[in-house]
Structures are given as structure tokens and as C-alpha cells.
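Take a look at the structure set out below.
The values are calculated or read from the model by the stated rules, or taken from the named source; none is laboratory data. Owing to the predicted nature of the structure, the values given are computational and were not obtained by experimental measurement. Using ideal geometry, Cβ is built from the backbone for each residue, glycine included, and neighbour counts are taken over all protein chains shown. Accessible surface areas use protein heavy atoms only, side chains included; no ligands, DNA or RNA. Shrake-Rupley method; radii C 1.70, N 1.55, O 1.52, S 1.80 Å.
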Amino acid sequence: MPEGPPARALVAVGLVAGSVLAFQVLLTRLLSAILFYHFGFLSISLALLGAGAGAIAVYLKPGWFARASSLSMLARLSALVAALLVVVPFVLVRLNYDFAGALTVHFAVTLAVACLLAALPFTAAGVVIALAIRDWTSWAGRVYAADLAGAGVGALAVVPALRLLDPATLIVGLGLVTGVAAVLFAPPGGTERRVGAAVAAAAGLMAVAAAATSLYYLKPFTHLKPAYERWTPLSRVIGYPPKAGSPNGLLFYDRVYAPVPLRPRGTPLPSARKLSLLPQAIGHQLTAPGRVLVIGGGGGRDIYNALEAGKRRVDVIELNRGIVDMVDDDMGRWSGSPYSLPRVHTSVGDGRSVLARRSAHYDEIHIGFTDTLSANSATAFALTEANLYTVEAFDEYLDHLRPNGLLSVSRLYRLVGDEALRTTVLALDALKRRGVRHPERNVVMLMSHDILHELFGTVLMRPRAWTAAELRKVRRLAAGAGVRVGYAPGGPYYREWAQLARAPSPQAFCSGYRLNVCAPTDDKPFFFNMKRLGDLGSAPPPGYIYSIDPFRILLLTLGILLGLAALAFVLPLVLARRRRRPTVASLGLFAAIGLGFLLLEVALIQRFVLFLGFPTYALSVVLFALLLFTGVGSLVTTRVADPRRALIIALSAATALIAVGAFALQPLLRGLIELPFAARVALTVVILAPYGVSMGMAMPIGLKRLEALHPGAVPWAWGINGIMSVLGSVLAVAVAITAGFTVTTLLAALCYLAALLHALLGRWPAARPAPPQ
């Protein structure tokens, strides 16, 4: 009887699996800093592609991995993973990702090379896990447990590590971890142990070099030498002190920037005119000098504006701890440390999540040019959610205002779209949904120019209608400050706002407008995406500052991923002609669950972003929970007596859970958002447990069924499942942008329903007769 895996080998499996999950999260953060939007779906696709390719290699070329003992081969492959984790980031940070506002062949090739490089460690690690399961099949439960435990630890541990080191350095550090795995796999006294130790030592030295030198330094897109730099789980924060004669320093977080006002400690507060925040100052003058909330403190301009207006208490919620530390500590000698001033009370977290847990009511809530969640969302204007700018978000803000309170929101007139106009439509729609019969009587929009002389609008909305006396005051203050009234009850109406005022409703206006300026919701929280799907390929209207069209990027990414999938799955399977190919119909189950799982996973990550408060937390916790309980579901299948009945029950449960969750999950999470963070993490795991268990049973039962009907066909199942998983990640983003996350989730439910029908109506192997008594 073959020997089971030694304990040290199980630990090594866990180390490799943990490194892969950590690499997946770090790759997301690295690509977001290099490029311009949250690449969560891309890293998920590359991880699945690599795992599937590794498994297919083991199935189709077993002789490649039989030239040494199991432990020796696992040690060699783990050392290869370690080496790749050292080499790949070294190359990734040196590629030229400049896109200059246009989708060029150079950019497409660079992105394809980056994807290919990033897939290499995933593929090598996929071979390790597949070999461990193949060679210790009788102890698959132990191997699965080690794999999933390691993956869970890796997914969670990488988040706090991002507060200490940059992603490239941490990826190199993972080379040390997998080098240790190689040592643990290697037989005592063998060459593999010495090689593993050498690779681990080399990776450790390279990690030290990466932290201490510019060897793995990722150059900022500004091509300027930063004075200060911090990495956080959300973004890379870079500080530039003010140049001689300049009134502002600069703060960059990924590709978005904020001015840092020059105000040495002890000097007078800067005026609204100096800050170029005159419309916002008018809002301060229209409310009581009591308590104001600033969501998104940025470089400190909005904080100073509120203090200069005489507000007695200024509460600030800043999403990114790195911004607070950069402004107050690193640049404190120039900024005056606005977050730490006596009347200022600063909290770090998602604006809506923190506010929802408070019972406080404010005289004013102010949001000034704040971009949420992915700090670089405005420059990509799509493919990232913006949970501060939705109907539900505005409803939350209005709930936290005092009876005469004011919500003030500032956006540019035109950047990636008509941002100020869409904010106005959003304000009107939010009031309408609260039961206000004439929302236009509650909204005023003021226009001025910012420090770069760009036109912007500040929308001032109240729970009640503006009085005639208040409107006279607004017009008087605006005239005195040189600010234009762009929209107000009774006029005047400026530019596009005149068309909005004439429309029978905001919905009627936005449905016929050249861009999609309809009010975003939590189901479609893509505030910055104002292009309609029908506009794909058309030239943008003049006057906008576009980066690359996100739909084109999505199609380019899909093409790259499908090309890699063809190399990893289709080509090897087609060339392996000696193996009998299964029928197309027999692979339907694997296509359905591959597509459905990824559609659901991407939707769930977004659903839990607001609940957990940070996108990286949502990515890590959701991946951890789904992986853990998918593994539990896989293990449960080893004990079922009737596989067909078990599969039907599991797929029925998965379909029902997904369909119900499409409508019930969002209000449930919104109602529980006031819980402490640890409780929300635990609740996330509990909620996702039944999803993981029910979905996790499909693959192992389906593979056993396929092998019994079509011997040698398992690689084809891996291939079709991998291709559909890659397609599902991109499709999920495209459907979410155009139709919303509810439709995305329902589409996942339809996939599992199709899998259920395949299990009900498809062919099953004949039951073996019972042995004679």
C-alpha cells in the first residue's frame, strides 16, 4: 500500500496554496497602480487559467512528472514557483504601460506580455497541487484540507502585509515562502533540499534588496521623483512638496491627485478663494456653524474650508489611511496637518459604512471631488464601482442631516463625462424616491473654477424645499463671490441644466441625453461610466478628458485571456489525439458551472465591498470563504452514497441560493452594516458557507460521472471549465456595467439551473450490481 503524505508535505502544500492566493491579491494591487482600474477580475482569471493549465499538463503528460519520486518532483516544482515569484515582478515593473489616452498596438502587446508573465507562477503552482492530489489520491481529504487552509491564510494575511511593503516586494517575499515549501517537500539529504534552501535564501535576499533599493521599484506614471511614498491595500500614495512660489503641494494616489494647501502650522487658515472652493464656502454660509461631515479629506482643502467658515466641529472620513499619514506626517511641515487640528475628528474607512454606523446628525455633509473604493476610478471612469454616488448613498446622507441640513457634492463640469450634471440628476432622483413631489425645489447647483481653472459644479440639496429668502441669499452670495448659479428653483438655468429644467422628469431627460447621466444605484454603481453599450466604437464627444475607452479595454482583455486559454487548454487537448474525446453534450455541466461560478464570484466581491468597507478586504474575505467551503463541499462528496441524487440536491440548492441572493443579499447587508468589523467579516463567511458547499459538490461528482462515461476525458472537463471561467470573469464586469449586479447574479443562477438540467436529463453510468451475499 502506498504511503500517505508526510506532515511536512501537507504544510508545504499549504504554503504553496497560500502563496498563490496572496499573489492573486498582490497582482490586483500591482496592476491597479500600474494601469488605471481595479484588475480584480483579471487576476482571478489568470489564477484559474494557471491552475487549470497545470492540471491539464499533469493529466496529459504524466511521464514528465514521473522521472523522480513524488516528493522530489514536488520539491523541484516548488523551487520553480519560488524562482518565478522573484523573476516575474522584476519584469512586470519594467514594462512600459504608457497608453497616452489611446489603445495602441504597443499597449495591447504590453498587456498581453504582462498577463502571460503573471500566469506563469499560477501555472507552476497548479502543477504542484495537481501532482499532490494525483499522487496521494487515497488521502485527498488531507491534501484538500492543507490546500484550502493555506489558501485561506494567504488570502487574509496579505492585506495587513500591504500596509508594510509594496506589492512587488511582497511577491518576491512569497518566493521565500515557496522556497521553504520546496525544502519541506524534499527528501532528507537529497539534492532537492539543498536547491530549495538555496532558492529560499536567494528569494529572501532579493526581498531585502527589493525593500531597501529600487531594484523592484515601480515608477509612478508622473515620471517625477516623489519625495514621499506609501503603499496601502488601496493604493500607492505619493507626496510632492510645494515648489517655490506654489500655494499647493501634490498628493497622488495611483492616477488621481489632490492639491495639498500650503499652510505652515500657526499661520492663518487659507480662505475659500485661495483654496478655489467658493461654491462650497457658500454652502457653509447657508448652514448653522455647528457640525459638518467631510467625506474624503484628500489633501485637506475641504477641511480648511469648513474650519475657515467657522464650523465648530469637523468630522472627516477618509478611506485611505495612507493619505492621512502622508498629509499629516510626511508633508505636515507644509500642510499644517489638517487631519489633526483641534476641531477636527478623523476616522478612516468607507464613508458610507462609517456613516451608517453613526447616530450623529449634521448641519452639513460635504463630498468634494472624492473618488471611492478604487482610488483611480475617475481616470478610467468605468469598471470600478463608486459607492458614494448612488441613490441609496444620497438617501443615507439625507437621513443623517438635521432638519435644516445641507448635502454639498462637488464634481467637475466635464472630465470623463458630465459629472456635475449627473450629480444633479442623482440628487433629483434621490429626493423623488424619498417621496418629495417637487425635488427641483430642493436643489441648487453653483459653478466656479478650480485651482487648474477647470469648471466644476457644486450641488446643494436639502431634505426640504429652499425658501424664497434662502434663494435670494444664495444669489447674493454667488454674485459677491463671482460664482454662477447654474440651477435653482425659478432659474437661472445654465447650459445643459436648462434642458434638464424643461424635461418632464430627470428620467426623461437622461434617457434622451447624449451620455448616460441617469442616477446610479447600488446595483449599478458606475458613476463614472457614462457611455452606453451602443456607443461602443464611436468617437467620444469633444471636450472630455478620456483615458482608454473601458469597453475596448474589456474586449482587449477578453481577447488576451481567451488566447492564453487556447494555449493552456485547447491546443494541448487537440494535440493529444491518442486520447478519446468526450461528446460536446457531456461537457455542458462543466461549462455551466465554470461560467456560473465566476459570474457569481465577481458579483459577490462587489456586494461585500460596501459591507466590509474596503475593496481589498472584500476580495480577500470572499475568496477565502468561497474557497474554504467549496473545498468542504468537495470533501462531502467522498461520503455520498448516491452521487446523482447528491448532485441534483447540491445544484438545486446552489440555484435557489443564488436566485434569492440576487434580491435579498443587498438589503440584508445594508441592514447589518452597523455591526463591528470583526462581526461583519465573520458574518460574511457564514453567509457564503452554503454557497460554497453547494457549488463545491458539482465538480468532483461531475468528474467521476464523466470518467465513468468517457474514460480519459477529465482533461477536457478541466479545459472547458477553465475557458468558461476566464470568459465568466470578463462577462461579469460587462454585464454589471450595462445591466447591474442583480442581472449578473441571475445569469449565474441560470448557469447553475442549466447544470441542474444536465444532471437531471443527461446520461449517467449504469449502477454497479451489489456484490452477492
Note to self: Can you say whether Gly596 is touching a Cys at 6+ places or on another chain (Cβ under 8 Å), of a type outside the set (A, V, I, L, M, F, W, C), at pLDDT 90 or above and open to solvent by less than 30 Å² (accessible area, probe 1.4 Å), as far as the supplied structure shows?
What the structure shows: yes
Next item on the list: Give the number of residues within segment 228-246 that are in contact (Cβ under 8 Å) with a residue 40 or more places away in the chain and over 28 Å from the mean Cα position of the chain (by Cα).
Entry: 2
Note to self: Any residue at all in segment 467-482 that's without any contact (Cβ under 8 Å) to a residue 60 or more places away in the chain, assigned to a strand (DSSP E or B) and open to solvent by less than 70 Å² (accessible area, probe 1.4 Å)?
What the structure shows: no
Check: Restricting attention to segment 452-463, which residues are at pLDDT below 95 and either β-branched (Val, Ile, Thr) or exposed (fewer than 15 other Cβ atoms within 10 Å of the Cβ) (or both)?
Finding: Leu452, His453, Glu454
Next item on the list: Exactly one condition in (1) farther than 30 Å from Ile129 by Cα; (2) surrounded by 16 or more Cβ atoms within 10 Å (Cβ to Cβ) is not met by Tyr217; state its number.
Entry: (2)
Next item on the list: Among residues belonging to segment 424-443 that are open to solvent by 80 Å² or more (accessible area, probe 1.4 Å) and part of a helix (DSSP H, G or I), point out the one that is farthest from Glu496 (Cα to Cα).
Entry: Arg433
Next item on the list: Among what's in segment 223-237 and is outside any loop (DSSP other than H, G, I, E, B) and open to solvent by 10 Å² or more (accessible area, probe 1.4 Å), pick the residue that is farthest from Gly299 (Cα to Cα).
Entry: Trp231
Next item on the list: Can you tell me which residue among Ser586, Ser620, Ser634, Ser652 is among the polar types (S, T, N, Q), assigned to a helix (DSSP H, G or I) and crowded, with 24+ Cβ neighbours inside 10 Å?
Entry: Ser620
Check: Which of the following residues is within 30 Å of Glu470 (Cβ to Cβ), outside any helix (DSSP H, G or I), open to solvent by 10 Å² or more (accessible area, probe 1.4 Å) and not hydrophobic (A, V, I, L, M, F, W, C): Pro242, Pro289?
Finding: Pro289
Next item on the list: State the number of residues belonging to segment 161-214 that are buried (at least 16 other Cβ atoms within 10 Å of the Cβ) and farther than 26 Å from Glu229 by Cα.
Entry: 18
Check: Going through segment 299-336 one residue at a time, which ones are open to solvent by less than 10 Å² (accessible area, probe 1.4 Å), outside any helix (DSSP H, G or I) and either at positive phi or small (Gly, Ala, Ser) (or both)?
Finding: Gly299, Gly300, Gly336
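The rows are residues; the columns are (1) out of contact with any strand residue (DSSP E or B) (no Cβ under 6 Å at 6 or more places or on another chain); (2) within 30 Å of Ala766 (Cβ to Cβ); (3) in contact (Cβ under 8 Å) with a residue 12 or more places away in the chain.
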position: Ala650; (1), (2), (3): yes, yes, yes
position: Ala654; (1), (2), (3): yes, yes, yes
position: Ile658; (1), (2), (3): yes, no, yes
position: Phe663; (1), (2), (3): yes, no, yes
position: Ala678; (1), (2), (3): yes, no, no
position: Ala682; (1), (2), (3): yes, no, no
position: Met697; (1), (2), (3): yes, yes, yes
position: Gly712; (1), (2), (3): yes, yes, yes
position: Val726; (1), (2), (3): yes, no, yes
Next item on the list: Check whether at least one residue in segment 728-744 is open to solvent by less than 40 Å² (accessible area, probe 1.4 Å) and closer than 20 Å to Thr638 by Cα, and report yes or no.
Entry: no
